[in-house]
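Before any comments, here is the structure.
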Amino acid sequence: MISNKVNYSKNLIAGLMLVVLAFYSMDAYSQKHALEFRNNQYNKNKKDTIIIDFQNNIFRDSDKLGLIKQFESLEASHQEELINKYIKVATKVNDSILFDIIKTRIKESLEGYDFCIIDSSISLEHPSKNVHYLSLIQIEMEEVNYFDTIFGSNPSQMFAKEITGINLNLWLSYKQASSSSSSNNNDNNKEIIFYHSNGFYPYMYGDLVVSNGELYAQYDLEETNPNHFYNLAYKNSGLVAQYFFNFLMNKYVYQNTEDEDKYYYSIDPSTKTIYYDDEPFDMFEVL
């Protein structure tokens with residue numbers, strides 16, 4: 001039920017990617033540690049280990065439900081009735097399919113960056129500083145309703161239609177494994193919540209035409225359907241893996257340069273090329 005959804009705030013702190021500069025133009029000091037982190041993943045004795053957990057917590061939401069006063073305090077049966085009434089697309093999505101897409105894609109994408117991936121059911125007796133815990137803790141299918149309008153040659157001529165757009169929202173929890181060799185276990189053990197969202201917002205493309213004295217709207221519109229949620233699940237999960245690689249790489253650079261390196265780094269998923277900028281590349285929101 002939606003009433004059980006954790007109310008994570010969405011305070012954006014990550015900057016937008018600006019100008020992408022080729023990595024080879026950087027000075028040697030800046031290149032060293034980012035490249036070192038990437039190359040460590042090719043070495044079985046140095047690569048980072050990700051202990052990963054997937055929690056099947058899937059929720060549905062709509063901006064229309066937000067207009068209902070005290071929705072959260074309604075009885076579960078009444079909530080379910082309103083969800084089925086006002087949520088048009090997400091209720092048709094198969095939760096198992098969506099979850100499997102996200103789970104498989106995140107795991108395969110992280111393996112594609114040459115991390116060692118271990119299921120959370122496996123316990124490590126002596127985790128090192130290269131061991132990280134990553135957990136998918138919440139998935140939300142969100143619908144957003146809005147009107148799109150087509151205008152004719154006469155300002156009084158118009159056609160308006162309500163359209164449903166969607167967001168797929170993911171929350172993840174990160175923790176670095178404690179290590180006896182770590183100089184600051186309190187910082188390393190601190191939980192960080194990542195939030196990532198991506199959406200699909202269709203619009204009409206067309207004109208108003210007159211036929212037999214009647215005004216008609218002729219337009220193309222790819223209306224939202226469950227497949228768009230599945231597509232977003234695949235896309236978002238690949239981005240989550242890329243952003244997590246970026247997060248660990250920048251963390252590695254920070255720790256090994258004592259914050260002297262002021263650049264941010266990102267990896268290209270296809271070529272494994274490393275880029276840099278003076279603004280963060282990854283688009284996680286950190287809560």
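Just so it is clear, none of the values below were taken in a lab; they were calculated from the coordinates. Predicted model, so just to flag it, every value in this text is computed and none were measured. Here Cβ is always computed from backbone atoms with ideal geometry, including for glycine, and neighbour counts include all displayed protein chains.
Listed values, structure above:
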{"item": "Lys/Arg +1, Asp/Glu -1 at C-beta; region 206-287 dipole; positive extreme among V209, S237, M283", "result": "S237"}
{"item": "Long-range HN-HN contacts of F281 with modeled amide H, under 5 Å", "result": "Y265"}
{"item": "Summed side-chain charge close to I163 - residues other than I163 whose Cβ falls under 12 Å, Lys, Arg +1, Asp, Glu -1", "result": "-3"}
{"item": "Residues whose placed amide H lies under 5 Å from that of Q138, excluding near-sequence neighbours", "result": "W171"}
{"item": "Linear extension gain, E75 paired with E162, 0.36 nm per residue minus alpha-carbon span", "result": "28.4 nm"}
{"item": "T257 paired with K64, simple spin-label distance in nm, labels 7 Å along Cα-to-beta-carbon", "result": "5.1 nm"}
{"item": "Electrostatic dipole magnitude of region 53-109 [Cβ: Lys, Arg +1; Asp, Glu -1; Cα centre; debye, to 20]", "result": "260 debye"}
{"item": "Contour minus Cα-Cα distance for Y205 and L221 (0.36 nm per residue)", "result": "5.1 nm"}
{"item": "Neighbourhood net charge (14 Å Cβ-Cβ; Lys/Arg +1, Asp/Glu -1) for E222", "result": "-2"}
